[in-house]
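Input: a single structure, listed below in structure tokens.
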Amino acid sequence: MRLARFVHDGTEQIGAIAGDAVIPLPGRASVLDPVTDVPRLPGIPLAEVRLLAPIARPPKFLAAGLNFEDHLKETGMARPASPVFFNKQSTCVAGPHDDVHKPRVSDLLDYEGELGVVIGTRCRHVPAAAAFEVVAGYLVVNDVTVRDWQLNSPTMTLGKSFDTHGPTGPWLTTADEIADPHDLRIRTWLNDQLVQDGSTRDMIFDIPTQIATLSTAFTLEPGDIIATGTPAGVGIVRQPPLWMKPGDVVSVEIDGLGALRNTIIDEPDSTVAR
Ligand code: MG
């Protein structure tokens, strides 16, 4: 099942994607059979709704760094001996079609198309062999990065966590629909230019290893998102560097999971909290 959060006629709802429509599931998703029940319910054309981030505020938004062979090579960084993780603050989550802010403080705005794993079960000390038992499903992530703010600090947290810099979606695809999450093509476009074209088979540390490592340290909870790393092609390593600027449209698509499509805008004055 592909589960979406969306707004229609001013009302926030949850629904199941069926073709080009979304079928509202008002609190009943757990008792519906997706094969026999969902097709019989009335749907709303996707063109008439605004899709929201599938997980509005993940308890944790974790991300793996330097986790694809080709990306590691393009950065010239040393191969990590163990998985490298950082946090994106959960306030950075944005919807699949929301605007992404070009910060006031930087022009070094970069994209990173990634597979996001969504945890479905509260868990600790998960053995790698049992890791998929705690996965609810998958979604597309753009690990938007402010490169200078990222590299100013070993934790990377600030440069990975600007508001709107966590587009996710377009919906949550439940794990049963994905035969092999390590065989998915990831592509990123900046406007019409294909800038990343990789596969999740090129992960250095696979999904079970990531879950086992993280859950060795702390409890994973339903709704936690793990962005599993980006393939080659990021803007910072290009000659000349390729930065996202206002007016650009960045798209990330993963086979079987759908696509994000976000427009870059100047950070608006309305973001100043009072
Ligand atoms: Mg990343």
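The values are calculated or read from the model by the stated rules, or taken from the named source; none is laboratory data. None of the values given here were measured: they were computed from a predicted structure. As a convention, Cβ positions derive from the backbone with ideal geometry for all residues, glycine included, and neighbour counts pool all protein chains shown. Protein only, heavy atoms only, side chains kept; ligands, DNA and RNA dropped before computing areas. Shrake-Rupley method; radii C 1.70, N 1.55, O 1.52, S 1.80 Å.
Summary of values
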read-out: Tabulated pairs, segment 237-249, first in a loop (DSSP other than H, G, I, E, B), second open to solvent by less than 60 Å² (accessible area, probe 1.4 Å) and among the polar types (S, T, N, Q), C-beta under 8 angstrom, 6+ apart or interchain; value: 247/263; 248/263
read-out: Every residue from segment 50-88 that is over 19 Å from residue 226 (Cα atoms), buried (at least 21 other Cβ atoms within 10 Å of the Cβ) and within 16 Å of the ligand (Cβ to nearest atom); value: none
read-out: Count of residues meeting criterion [within 13 Å of the ligand (Cβ to nearest atom) and of a type in the set (S, T, N, Q)] in segment 136-156; value: 3
read-out: Criterion (touching a Ser or Thr at 6+ places or on another chain (Cβ under 8 Å) and within 22 Å of residue 54 (Cα to Cα)) met by exactly one of 168, 173, 188; value: 188
read-out: Residue 226 under 23 Å from residue 72 (Cβ atoms), of a type in the set (A, V, I, L, M, F, W, C), open to solvent by 20 Å² or more (accessible area, probe 1.4 Å) and touching a Lys or Arg at 6+ places or on another chain (Cβ under 9 Å); value: no
read-out: Residue in segment 155-169 that is hydrophobic (A, V, I, L, M, F, W, C) and at positive phi present; value: yes
read-out: Conditions (1) part of a loop (DSSP other than H, G, I, E, B); (2) in contact with a helix residue (DSSP H, G or I) (Cβ under 9 Å, 6 or more places away or on another chain); (3) surrounded by 18 or more Cβ atoms within 10 Å (Cβ to Cβ): number failed by residue 256; value: (3)
read-out: Filter result for residue 173 (farther than 23 Å from residue 79 by Cα and either at pLDDT below 95 or open to solvent by less than 20 Å² (accessible area, probe 1.4 Å) (or both)); value: yes
